[in-house]
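Please treat every number below as a calculation from the coordinates, not as lab data. A quick note: this is a predicted structure, and the numbers were derived from the prediction, not measured. Counting neighbours? That spans all protein chains shown, and the Cβs are built from the backbone with ideal geometry, glycine included.
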Amino acid sequence: MSVRKITAKITGVGKALPEKRLTNADLEKMVDTSDAWISQRVGIKERRIAAEGEWTSHLASRAAADALKMSGLTADQIDLILVATSTPDTVYPSVACLVQKELGAIHAGVLDISAACTGFIYGASLAWGMIKAGLMKHVLVVAAEVNTSIVDWKDRDTCILFGDGAGAAVFSECHSDTDGILSIKLGGDGNYGELLELPNSGCRVYTDESGNKLGRYIIMQGNEVFKQAVRNMAECAVCVLDRAGLTTQEVSLFIPHQANTRIIEAVAKRLAVPAEKVFVNIANYGNTSAATIPIALCEAFEQGRVKKGDVIVVDAFGAGLTWGAMAIRWA
Ligand code: UT7
């Protein structure tokens with residue numbers, strides 16, 4: 001009798017978005033920008049903004065509770081909670097600890113992941129590894145951001161790009177040679193760290209030429225990040241498909257990081273994945289950093305665009321630089 005491999009499949013997905021919307025028209029009143037520029041150059045129409053007192057852990061807990069509900073598991077069955085975020089409520093306690101408390105996941109280990117916009121895929125990779133190794137059965141991976149807390153509302157280069165939100169997925173043990181997570185590739189290059197930085201977010205002090213301390217706001221060399229994103233996302237997607245023994249023609253749905261529709265189109269073109277197989281929701285939420293992938297995955301599922309047997313490729317890129325992709329056959 002052949003023994004099927006232990007792997008992990010996604011048994012639940014969830015998302016949480018703040019109520020408040022910030023439209024391009026609102027931004028026109030705040031900085032020198034226009035709806036036309038933002039729509040054409042980035043593809044965003046509006047983004048969600050956390051309310052006062054609504055923190056990353058609140059969004060993370062809501063998304064996690066949704067994913068848990070869909071999985072049919074109880075919180076005490078979760079072995080590990082991983083939260084990918086660049087905007088934790090506090091460095092410690094970690095957001096994962098706060099989610100654990102909120103859910104009552106009394107048997108779970110807890111860990112935050114710092115991999116910027118790629119954090120969800122790094123979390124998925126750890127979940128897969130733990131489950132494949134037979135060390136754990138159910139791992140909850142959450143990605144949550146209140147990006148609007150690290151945005152300089154006077155800087156039109158960046159303030160139009162980001163939004164708040166959270167997404168989550170439960171990864172559970174399954175026995176299959178064909179289903180669940182098929183392959184993952186992680187990547188990074190610290191040589192390009194300066195292209196996208198959050199100054200004064202740690203022990204290093206950033207100052208301007210006059211020695212004045214900079215604000216704790218995202219700074220980005222957009223053009224360079226754009227080029228790196230296209231190249232690395234395309235290569236990474238090809239790599240996970242190769243590892244899974246699949247071709248781009250076999251992809252049912254491609255879910256890329258939602259940073260810019262022009263990046264998404266350029267990556268899809270390199271992969272020769274047609275537009276109808278590419279999931280895009282950036283118009284509604286902007287760039288929610290680590291949360292874009294699990295929010296999109298959840299919405300794709302809600303819209304019936306993810307069905308049993310489908311090959312899904314998710315692909316992210318972010319500060320660090322970091323990148324990563326994962327191929328799944330939905331089970
Ligand atoms: O999630 C992490 C990864 N992040 C990304 O992948 C983001 C990657 N980068 C991008 O998506 C794009 O580079 C941006 C959306 C950030 C910028 O788009 P761009 O096409 O690279 O614009 P640009 O910076 O080359 O600027 C083009 C022009 C400039 O004016 P001039 O010099 O041509 O007169 C800018 O000053 O657009 C101007 N501009 C704006 N105009 C209206 C820049 N920002 C704005 C704005 N509204 N908000």
Next item on the list: Return only the number of the condition from (1) out of contact with any helix residue (DSSP H, G or I) (no Cβ under 9 Å at 6 or more places or on another chain); (2) of a type in the set (Asp, Glu); (3) under 29 Å from Gln100 (Cα atoms) that Asp177 does not satisfy.
Entry: (3)
Next item on the list: Would you please list the contacts, defined by Cβ atoms under 9 Å and residues six or more apart or on different chains, that run from a residue in region 184-198 that is under 17 Å from Arg216 (Cβ atoms) to a residue that is among the aromatic types (Phe, Trp, Tyr)?
Entry: Glu197/Tyr206; Leu198/Tyr217
Checklist line | Subset of region 80-136 (residues that are in contact (Cβ under 8 Å) with a residue 12 or more places away in the chain, surrounded by fewer than 22 Cβ atoms within 10 Å (Cβ to Cβ) and charged (D, E, K, R)) | finding: Asp89, Glu102, Lys132
Next item on the list: Go over the candidates Gln258, Gln221 one by one and state the one that is of a type in the set (S, T, N, Q), touching a Ser or Thr at 6+ places or on another chain (Cβ under 7 Å) and within 16 Å of the ligand (Cβ to nearest atom).
Entry: Gln258
Notebook entry, point to check: Here is a list of conditions, (1) surrounded by fewer than 16 Cβ atoms within 10 Å (Cβ to Cβ); (2) under 30 Å from Ala266 (Cβ atoms); (3) of a type in the set (Lys, Arg), and Arg48 meets all of them except one; can you say which number that is?
Noted result: (1)
Next item on the list: Mind counting the residues in region 261-275 that are of a type in the set (Gly, Ala, Ser) and more than 16 Å from the ligand (Cβ to nearest atom)?
Entry: 2
Checklist line | Filter result (farther than 27 Å from Gly53 by Cα and out of contact with any helix residue (DSSP H, G or I) (no Cβ under 6 Å at 6 or more places or on another chain)) within region 152-174 | finding: Ser172, Cys174
Next item on the list: Starting from region 16-44, take each residue that is farther than 20 Å from Ser289 by Cα and touching a residue at least 60 places away in the same chain (Cβ under 8 Å) and list its partners that are within 9 Å of the ligand (Cβ to nearest atom) and assigned to a loop (DSSP other than H, G, I, E, B), counting only C-beta distances under 6 angstrom and pairs at least six apart or across chains.
Entry: Thr33/Ile160
Checklist line | Out of Ala296, Ala283, Ala237, sole residue that is surrounded by 24 or more Cβ atoms within 10 Å (Cβ to Cβ), closer than 29 Å to Lys20 by Cα, in contact (Cβ under 8 Å) with a residue 60 or more places away in the chain and within 16 Å of the ligand (Cβ to nearest atom) | finding: Ala296
Next item on the list: Could you list, in sequence order, all residues of region 34-84 that are of a type in the set (Val, Ile, Thr), under 30 Å from Leu126 (Cβ atoms) and assigned to a helix (DSSP H, G or I)?
Entry: Thr56
Next item on the list: Note down all Cβ pairs under 7 Å where the first residue falls in region 241-261 and is over 30 Å from Arg47 (Cα atoms), the second is surrounded by 19 or more Cβ atoms within 10 Å (Cβ to Cβ) and of a type in the set (Gly, Ala, Ser), and they're at least six residues apart or on different chains.
Entry: Leu241/Ala327; Ala244/Ala327; Leu246/Ala327
Checklist line | Enumeration of residues in region 321-331 that are closer than 13 Å to Asn232 by Cα and part of a loop (DSSP other than H, G, I, E, B) | finding: Leu321
Next item on the list: Kindly indicate the residue of region 266-276 that is free of Cβ contacts under 8 Å to residues at least 12 places away in the same chain and among the charged types (D, E, K, R) and also surrounded by the most Cβ atoms within 10 Å (Cβ to Cβ) among those meeting that condition.
Entry: Lys269
